[in-house]
Amino acid sequence: MDIQLIGELEQRVVSLLDGYTSLKQENLQLREENRRMIEERELLKQRVDAILRKLEEV
């Protein structure tokens, strides 16, 4: 193999690994955001249920 081809291959591999690392980090951030949103939704649901129970008492 030509040394230039090996260099190009190495650059592509490094680029792919950088992309993989970036996507992995983004995935972690999205999982955390999703977890937060699920918790927030549950809290809002509880508040709405409490309001509805109060309205039923009236």
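The values are calculated or read from the model by the stated rules, or taken from the named source; none is laboratory data. Only a predicted model underlies this, so the values are computations on that prediction, with no experimental measurement involved. All Cβ positions, glycine included, derive from the backbone under ideal geometry; neighbour counts span all protein chains shown. For accessibility, only protein heavy atoms count, side chains too; no ligands or nucleic acids. Shrake-Rupley method; radii C 1.70, N 1.55, O 1.52, S 1.80 Å.
Can Lys54 be described as basic (Lys, Arg) and exposed (fewer than 10 other Cβ atoms within 10 Å of the Cβ)?
For Lys54, the condition - basic (Lys, Arg) and exposed (fewer than 10 other Cβ atoms within 10 Å of the Cβ) - is met.
Would you pick out the residues in segment 1-36 that are of a type in the set (A, V, I, L, M, F, W, C) and either open to solvent by less than 90 Å² (accessible area, probe 1.4 Å) or part of a helix (DSSP H, G or I) (or both)?
Ile3, Leu5, Ile6, Leu9, Val13, Val14, Leu16, Leu17, Leu23, Leu28, Leu30, listed by residue number.
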